[in-house]
Every structure is written in structure tokens, then in C-alpha cells.
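Colleague: My questions all concern the structure below.
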Amino acid sequence: MIDHLIVLLVVLPILGAAVPPLASLRYDRVGWAVATATALGHAALAGALAWTVWTDGVVRYAVGGFVAPYGIELVADGLTILLVALISAVSLGVLAYARHAGPHENSFYSQFLLLVAGLSGMTVTGDVFNLYVFLEITGLAAYGLVASGPGARSAVAALKYLIIGTIGASLYLLGVGYALAATGTLNMADLSDKLAAAGYDSTLVLTAFGLIVAGLLVKVALFPIHTWQPDAYADSPDSVSAFISALVSTVSAYALARVLFSVFTVDFLEAVPIARQALVAVACVSIVAGSALAVAQSDVQRMLAYSSVSQFGLVIAGFAIATPLAVVGATVHLVGHAVMKGGLFAATGIIERKTGATTVGGYAGIAGRAPAATGAFTLLALAMVGVPPAVGFMGKWYIVLGAVNAGSWPVVAVLLASTLLTLAYFARLAERLYFAKATIAPEAVAADGGERVSTAMIVTVVVAAVLAVGLAAAVPVIDQLIDMTVFELMLQ
Amino acid sequence: MTLDLLTTHYNYYAVVLLLGIGLYTVIESRNLVKKVIGMNVFQTGIFLFFITLAYRAGGNPPVVTEGAGPYVSPLPHVLILTAIVVGVSLTAVALALVVRVYSEYGTLDEHTLEELYHD
């Protein structure tokens, strides 16, 4: 049992996902209970795996007993257990939120569990083709979840997401093909040796790098290939926006880090400086363009979506700089962003239910009508801007320190400018919430009946806000986890 | 040499052509169904790429018998079987979404949809 922990992380949610459709034959609303039981089991497995890795070091598992590099290998190291723990925690949080907020259909929870399975698979796999399969499982479940919204708008958003996401995953697959042609292997550890043997200046290796990175960047949603993301986040149900904004891009960015440091390794980045410069340049453009687009939005959820484009630029810039400090910073920001953005989307859902406000203009003067949600929203927004001591500050601080050490001054300038821009769009909202005159009359919502909000929804958002500050204390742990990861990083 | 490349690598030209046509259709076509078709053509280009990669002149199926080598690596074929399954599921989900969009808006034209949104 203990040997199979790592594969159970994927198997359990897939088995769980099969239960709600079968149960639909007799019972209508058992999806939530099944999903919660499965997510609790997943959390227990994640905890046990984390403990094993923490005490005994890296865990390697050969699926079906076929030894690597011929079979598929699953690998759990420091960064893996961090991401697995994040997936478990966010799923439980979203389930607590969705208990009341819905959707309530059994099929929704089936897709929810498939998404958990896909994300866990992407996190633990040590095989590049297996990563493609889990990327597509994650994608398929995410398209279905986005489409679970009430209107046909969500179907349009899901279709757009599906087409762009599929092109991204296909580019990744094409890159894997080039890597296979160059080396004849798909195992990540084996690839890193054989790619070096094939020569980093080989056309096959360079093309493989370009295609794989481009494909994953589509999934991460950096500018200018982010166009699927604002619609997908804004037009889906609140539980779904909170879930996918917290996890889908996050795990794709993790996969990119895995490809950079475990497959191509830092030797490649040093041998081919243009690859690294290109990645830094794309990340910097994304930081600036994402923030500028966020400032221009009038819909709060779309603003949050564009903010993700900018924040993921930061994370990718940290990974591209590739010094230990910058990678720790990028990882802290990756995890911190997941908690903060998930919490922000969940908070917008509560605010909309209580006050009917969805736009920046509508947020004026409504702080008193939903005090807990708006308070948590403001706290999360400030954490995202990077006000110390929140986790948003710690992540950006380490990335900037890493950039300074590496002498990447343009990155330092862009990072500092982006913080100002982030402040511009979040401070505007905070100011409206507390100091402006209300534009929506209170009775306008009361006439609709005003949807009820459960305590669990508010508790979820408040916990996210507390974590956004509290996680800053976990930075030394994350530092230690990166040390336990199979990464080869730049020397300072 | 150039002629040699032209005559022996025609599979790769087909790959490039399929990828190009697919991507162009996805970007350029205003019709949602045609976008899905373009997506399929793009993926087919990748399938052909992997299968071509696995070709080996004079190779035998990888069933080990005395003196039967050289063998063809079965790995790319297996990968593509998986990728085809993934492609079929994606097409199914895409078409389901197209049906829902059409029943709601009565159009499959991207520009008309945009106009409907702005009203």
C-alpha cells in the first residue's frame, strides 16, 4: 500500500469520478458527498506521500513494474509534494464553497474529480508523453467545467478554451516528437542525459525546446496566447473560476519548470542563451501587457483574469532566470498566487450574491453589505500587490533578488513597474469599496430576493485570506523543498 | 542531394502541409465547425509525423525471432494510438459544445456571435 501511494493519487480520483454518473441512476445529488469523500482520501494520500518524501527523500515508482526508462515512471520530490498538497487543499476549499454555491449536478462533481486526477497526474509524472496525456485529461475536464455554467456564453467560452488549449497541447506533443527523434526516449531523467549527448546545438533539440515551451505557455496563458483565459474564468460558475484559476495554469507552469530544470536542465539554458532570453522577454511582455489590460477592465472577474496573465509572467520570469533564489521566489509566488487568486474569485462570487455587484463601478460603497467577503477581498488584493508580510511580497522579493544577482536589470525594472500597475487596479477597487458612494441601491438586490450565502463559503474565503498572509512563514520550508527537488539550477 | 531530399522526404512535406492547413483554418475560419475540423487536421499532421518517424527501411515488426532484425520501434505507434483516442474525445466535447451554442444562438459564425454579445 505504502509503495503505491503515488499512483493512488491519480487512481483514486478517477475511480471516484466514475461513481456519480452510476449513482445518477438512483440518486440525484450525491455528487458532492462522493467528491468530498474522494478529496479527503486524496488529501490523506497526499499527506502520507509528503511525509514519505520529507523523511526518506525522492520517491520513484515504476507503473506496472516496467522499469524506467522503458516504462512510465512516477517521481515525487520536494516540489511535487508541495503541488500535490496545494491541489488537495484547493479542492477541499472549493468543495466547501460549492456545497451551497453549486453547481449541484452529479456530472459536475465527476468532472471535478477528473480534473483533480489530471492535475495530480501532471504533478507526479516523470515521463514527457504521460505528461501530455494528463495535460489533455486536465484540459478535457476543465473545458467541461467551464461549460457547466447556466448560459450558452459559458459554452462559447469553453469552445474557445478547447480550441486554443488543444493547439497548445498539440504543439507540446510535436515537441515531444522532436525530442523522441533526437534521443529515442521519453523518460525525463533519461532525456536529460541523452539530450546533452545529442548536443544542445542540434536542430532537433532546439526545435523540441521551442515547441514544448510554446505549447505549455499556451496552457499557462501568457500574453499574447492568453485569449482563452478571461472568457473561461469570467463566464464559468464561481466555484469553477475559483478552482481553475487556482490550479490549471499553476500546474502547467509547474510542468514548464519541470521541463526546464529536469529535462533540458540549466546546462541547456546556459549553452543556448537565446532560449533563456526569449523566455524572459515573453514573460516580461506578459507582465506589462497583462497588468495594462487588467487596468482597462470594467468587469471585476475579467480584471482578475488579466491579472493572472501578469502574475504568471512573474512566475515564468523567475523560472527563466533560474538561480536558486529566483526559483524559490517563483515557486512561492506560484503557490501564493493559487491561494490568492482562488480566494479572490470565490470572494467575487459571494459579493455578487449579496449585493449584485460585478463591475468595478458597482463595487462602490458596498463594503458594509458584505463585510467579511469585501474585507477578505481587500486583504487578498493587497497580498497580491505585494504588501509585506503577505506571501505575494515574499515571492516577488525573492524573484527580484534572484534577478539582481543574475544581473537581469530589465527584469528588475519590469517587476517593480508591475507592482505599481497591480496596485493601480487593486487599489482602485479597495478605494471604491470603502470610500465611494454606492451606485447600486440596496433594495435592488432585495427585490430579486438576494441569493443566500452559506457560512462555509465565507469561511473558505477568509481561510484563503489568512493563508495569503500565513504562507509567508512557510518560505523557509519551500526553500528546503526546492533543495529536495531533482532540479539542476544556476549557481549564484 | 536536393532532389534526393525532395523525393525521399515527401511524408514530411505532407506533415508541414497538414499542420499549416490545420492551423490556418483554426485561425482564419469564422465557422465554429470548420475550426474544429482545422483542429483535427492539425492533429492529424502530428500523427503522421510520429508514424513517419518510426519508419525504418527493411525493418521488421518487433517480435523477437532468430535473425529477424533490425526491428522497428513500436513506441511511436503506441503513442499515436493514445493521441488518436485523446483527439476523438476532444472532437466529441467540441461538437457537443457547438451543438449547445447553435441551439442557443442559432448561428455558428464567430462574428455574428460577437455582435450578439455586444447588443
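Colleague: Does B:Leu48 satisfy the condition of being more than 10 Å from every other protein chain (Cβ to nearest Cβ), assigned to a helix (DSSP H, G or I) and either under 25 Å from A:Gly165 (Cβ atoms) or out of contact with any Ser or Thr (no Cβ under 8 Å at 6 or more places or on another chain) (or both)?
Modeller: When the stated conditions are applied, B:Leu48 passes them.
Colleague: Looking only at segment A:163-190, how many residues end up being assigned to a helix (DSSP H, G or I), hydroxyl-bearing (Ser, Thr, Tyr) and surrounded by fewer than 24 Cβ atoms within 10 Å (Cβ to Cβ)?
Modeller: Of the residues in segment A:163-190, 2 are assigned to a helix (DSSP H, G or I), hydroxyl-bearing (Ser, Thr, Tyr) and surrounded by fewer than 24 Cβ atoms within 10 Å (Cβ to Cβ).
Colleague: Considering only residues that are within 9 Å of chain A (Cβ to nearest Cβ), under 21 Å from A:Arg153 (Cβ atoms) and surrounded by fewer than 17 Cβ atoms within 10 Å (Cβ to Cβ), which ones fall in segment B:69-98?
Modeller: B:Ala96, the sole residue that qualifies.
Colleague: Among the numbered criteria (1) closer than 30 Å to A:Asp201 by Cβ; (2) crowded, with 24+ Cβ neighbours inside 10 Å, which single criterion is violated by A:Pro324?
Modeller: If we test A:Pro324 against (1) closer than 30 Å to A:Asp201 by Cβ; (2) crowded, with 24+ Cβ neighbours inside 10 Å, just (2) comes out false.
Colleague: Tell me which residues, restricted to segment A:144-162, are among the hydrophobic types (A, V, I, L, M, F, W, C), within 9 Å of another protein chain (Cβ to nearest Cβ), under 20 Å from the mean Cα position of the chain (by Cα) and part of a helix (DSSP H, G or I).
Modeller: Hits for segment A:144-162 are A:Ala158, A:Leu162.
Colleague: Right, something else. Answer yes if at least one residue in segment A:52-64 is of a type in the set (Asp, Glu) and under 27 Å from A:Pro103 (Cα atoms), and no otherwise.
Modeller: No, segment A:52-64 has no match at all.
Colleague: Sticking with this structure for a sec: Which of the residues spanning segment A:252-283 are more than 17 Å from A:Val328 (Cβ to Cβ), of a type in the set (Val, Ile, Thr) and either outside any helix (DSSP H, G or I) or in contact (Cβ under 8 Å) with a residue 24 or more places away in the chain (or both)?
Modeller: A:Val259, A:Val263, A:Thr265, A:Val272, A:Val280, A:Val282
Values in this text are rule-based calculations from the coordinates and carry no lab data. This one's a predicted model, so the numbers in the text were calculated from it and none came from an experiment. Neighbour counts run over all protein chains shown; Cβ positions are idealised from the backbone, glycine included.
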